[in-house]
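See below for the structure under consideration.
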Amino acid sequence: MNTQTDARTSARKFVAPTSREALRLAREALGAEAMVLTNRVVAEGVEIVAMAPDEVEEVRASAPAAHAAAQPAPAPAPAAAPVAAPAAAFMLTPAPAPAPAAAPVAVESVLGELHSMRCMIEEQLAGVVWNDKQRRDPMRGRLLRTLLGAGFSARLSKAMLEHLPTGQSYAQGMAFVRSELIRTLPVHEDEDALLAQGGVYALMGPTGVGKTTTTAKLAARCVMRFGAEKLALVTTDSYRIGAYEQLRIYGQILNVPVYAVKDAADLHLVLQDLRDKHMVLIDTVGMSQRDRAVSDQIAMFCNSQRPVKRLLLLNAASHGDTLNEVVHAYRHGGGNELAGCIFTKVDEATHPGALIDTVIRHRLPVHYVSSGQKVPENLMRADRAQLVDSVFQANSRSALFVPGESDMQDGSAANADASAAQAEAERQRLRYRQLIRAMAHDAQEVAAAAAALANAPLGFEQSRALWRQAADENVGHKAVLEALMTHATNEIATGCDTHLLALSSQVSLKSDEGGDAYQCHGSLLLSDRTGMPLSAPNQWLSTGTARNPADPARRPGVRQVQWLRQQDFGKTVVHVLSRLPAAELMLQWKVQRQQWLARAPGSTAVIDPRTGEYATLTGLDFSFGEERLVTFKGRPALQAEAQANITLRTDGGPPGLRCVVTRITDPRSRKVLAQTYALSNVGQEVSVQQLAQWQAWAAEAEPCFRLLRQGLSVIGGLGEAGDPHMMKRLLIAGQVTTTVWRLLQADGDWAGRTRSLLGQLTGRPARPGRPLSGNVLYAGMGKLFFLLEALDT
């Protein structure tokens, strides 16, 4: 074991056989607050470079001069192998070995420690915030214990209580909780519409949840509503002894036929025979949520030619974690999502709050509530208020496992813990500021990059302001939406000439908490002058994947067009779509005077304007204009445009659409490298070259939507169903995406330097000839926002 002092920096090296021993030496020599700058594997074992806290100020004074003297710095040495850090160590992350002539403090290692401290500080502060709220408003703690005792999860309980006004009595607090639960509980309230619609319903769930009995109860309601002749029962349960016989007895009582199927082929044949039945109820075989055969059972219904709607039965007596597993196992079915759920065995539940919690988080509509064995009396329509009230009535009857006041820490102990957490957070903040000062020369570079971003037309300052609001619990999504609209209006006024391009697209998102699948319907506003994204003023979320072709989730741009119609941006809006809208939408938008431009495949069926015969776009003859030199996939090419007025070969389709064709050819061989088609109802006041350019800009900007995923992960994730700040984070991520995208496309030395800095902040510097990806830039932008806030503080 040995130590060595670097005379230039006052940093000391400690070498020992293990990292734990080297860290012990550093702390003995420099104190418990010693800052570890680097660590690496050497021949003698492990080498640690560390500094004492009181030497940081000296480094701050000497760093700028040393940094200037070291420019240009040689390339850093290859990264050393990582060292496994002991649990007791504050920071021992893998870091590259310092270059011989580098700046006094290894910038990469300091940033590494800085970034790791961020998570530690946020965790500490989260605990401090909650403990502080409990200390100032003890009623929150009592309400939290009530919710936990009723079966609700800690996450949902705390999310509700975040919005509880201070100074409430227990009765007022419970009234607030009740109203919030009633507001957010998804319930299918229109039984008349459900039964009138009819169809095929499969009742699914684990073994013993009560599927057969519930099927009989639901069948009895159907018989009383529209008669036995319009109903049929089917069972797929060929495993349980007497399963078919049990359902057959119910069928005899109700005078309803019962059929048994054993596989997908049987199901197809039976449903074909029952196509005249208004309602078909399928009693399925019970399976554990962990049984791999669950996916096969779901696939059988998904692949059925006659649509099968799936209802999941949830056992009210189950633990919350079990219910969560069941929903995850049965929920997704390759496009055939669950239509809803039925609560069973409610009369046996002692903590039914877990049921309410589960359906709120998964946004699973409750259709019916089953309580008891009587058919059909013990099946009731779901009622929000009754369900919520039953949770706390059951909780009051069973208090054995509900934590009470005496089971919790006394007030002094809780205050002591809160004080300790506050002190630890402040200690971390102090150390964080010291690290910031230690890298003062890099702080100048960060400030210069921020100034360049603010002066460039990227919307940087707006994105930074929104980023601050992401962590502000007092700012809701409506306030963010208003700020986005103001920003969009200003950007459009200076960034557009006569038109505004509204690019619409969808991106699949998944909750980082519950794994729920969502579709984000995004709207991106582009400049008609440069094609750059100016604003992302609104985003929409839908759950799962729609099966109905008429559903707005399956029709491109519908929601965006409806919303943008109500806005006034002072420019003519042209909706740029990734695929053709349906004929009825074209007619509807024509009446509404909505202008659009959409990509079209060459196989699109049209009527030849010259001959009047049926044709496709690829079969038409076009007269192309003058060719001009462009760059195509990094190589010189020639581009020319053509247009023609065409009519779609569809019933009721709008006449007189403009077809814009863009052809790219090789200058030498004259081989056609690419040929694309677009249809539009935009008038002749916009040239064919301009329409082709708009379509090309839209295609280039489409990957911008996918950056939303990275933005959400950086800003805090999508969260779980019921998260009150989910939409706010989505809106902010969308707007910051436009700033990141514009920086990704920006030219100039300042843009290159800024992208390089953001890459360094993420620990993934740019490689020669390989530009940074949008995801890396987005992560770097988040770290830059964080650093700027720290420097301002």
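The values are calculated or read from the model by the stated rules, or taken from the named source; none is laboratory data. Keep in mind the model is a prediction, meaning the values are calculated, not measured. Reconstructed Cβ throughout: ideal geometry from the backbone, glycine too, with neighbour counts over all protein chains shown. Just so you know, the surface numbers come from the protein's heavy atoms only, side chains and all, with ligands and any DNA or RNA stripped out. Shrake-Rupley method; radii C 1.70, N 1.55, O 1.52, S 1.80 Å.
Hey, what's the stretch 633-789 come to in accessible area per residue, 1.4 Å probe, Å²?
Averaged over the residues of the stretch 633-789, the accessible area is 42 Å².
Taking all protein chains as present, what is the carbon and sulfur share of the accessible area of the stretch 276-331, in % to the nearest whole number, probe 1.4 Å?
44 percent
Would you work out the relative contact order for the stretch 696-793, in percent, from Cα pairs under 8 angstrom that are 6 or more residues apart?
Relative CO of the stretch 696-793 lands at 28 percent.
For the stretch 447-527, what class follows from the C-alpha gyration tensor (a ≥ b ≥ c being the square roots of its eigenvalues): rounded when a/c is under 1.5, otherwise prolate if a/b is larger than b/c, else oblate?
oblate
What shape does the stretch 678-793 have by the C-alpha gyration tensor, where a ≥ b ≥ c are the square roots of the eigenvalues, rounded means a/c under 1.5, and otherwise prolate means a/b greater than b/c and oblate the rest?
oblate
Pairs LYS217/LYS510; LYS262/LYS345; LYS277/LYS510; LYS158/LYS211: which exceed 32 Å Cα-Cα?
Over 32 Å apart, Cα to Cα: LYS217/LYS510; LYS277/LYS510; LYS158/LYS211.
Between rounded, prolate and oblate, where does the stretch 206-365 land on the alpha carbon gyration tensor, with a ≥ b ≥ c its root eigenvalues, rounded for a/c under 1.5, else prolate if a/b exceeds b/c?
prolate
Hey, rough spin-label estimate for ALA517 and ALA171, points 7 angstrom out along Cα→Cβ, what's it come to in nanometres?
4.9 nm
Using a simple spin-label model with points 7 Å from Cα along the Cα→Cβ vector, what separation in nm is obtained for GLU189 and ASP347?
2.8 nm
Rank-order 707-718, 619-630, 454-465, 138-149 by packing density, defined as the average count of other C-beta atoms within 10 Å over each peptide's residues, highest first.
707-718, 138-149, 454-465, 619-630
So for the pair ALA582, ASN255, with labels modelled 7 Å out along Cα→Cβ, what separation do we get in nm?
According to this spin-label approximation, the distance is 4.1 nm.
Which ³J(HN,Hα) values in Hz, rounded to whole numbers, follow from the phi angles of the stretch 704-715 under the Karplus curve 6.51 cos²θ - 1.76 cosθ + 1.60, where θ = phi - 60° and Gly and Pro get x?
Once rounded to whole Hz, the list reads 4, 5, 5, 5, 4, 4, 5, x, 5, 5, 6, 8.
Calculate, for ASP568 and ARG706, the FRET efficiency according to 1/(1 + (r/R0)^6) with r their C-beta to C-beta distance and R0 25 Å; round to the nearest 0.05.
0.25
Along its three principal axes, how long is the stretch 626-681 when you only count alpha carbons? Whole Å, largest extent first please.
44, 18, 17
Using square roots of five times the C-alpha gyration tensor eigenvalues, list the equivalent-ellipsoid semi-axes of the stretch 640-722 in whole Å, biggest first.
Semi-axes (√(5λ), whole Å): 35, 22, 12.
For a label point 7 Å from the Cα of ARG468 along Cα→C-beta, name the residues of the stretch 687-715 whose backbone N is under 12 Å from it.
The answer is none, because no backbone nitrogen lies closer than 12 Å to the label point.
In the full protein assembly as shown, how much of MET160 is accessible to a 1.4 Å probe, in Å² to the nearest 10?
So the heavy atoms of MET160 present about 20 Å² to solvent.
What size of dipole, in debye to the nearest 20, comes out for the stretch 704-793 about its Cα centre when the only charges are +1 on Lys and Arg C-beta atoms and -1 on Asp and Glu C-beta atoms?
Dipole magnitude for the stretch 704-793 comes out near 360 debye.
What is the projected area of the convex hull of the Cα atoms of the stretch 694-750, averaged over all directions, in nm²?
Projected area, direction-averaged: 5.0 nm².
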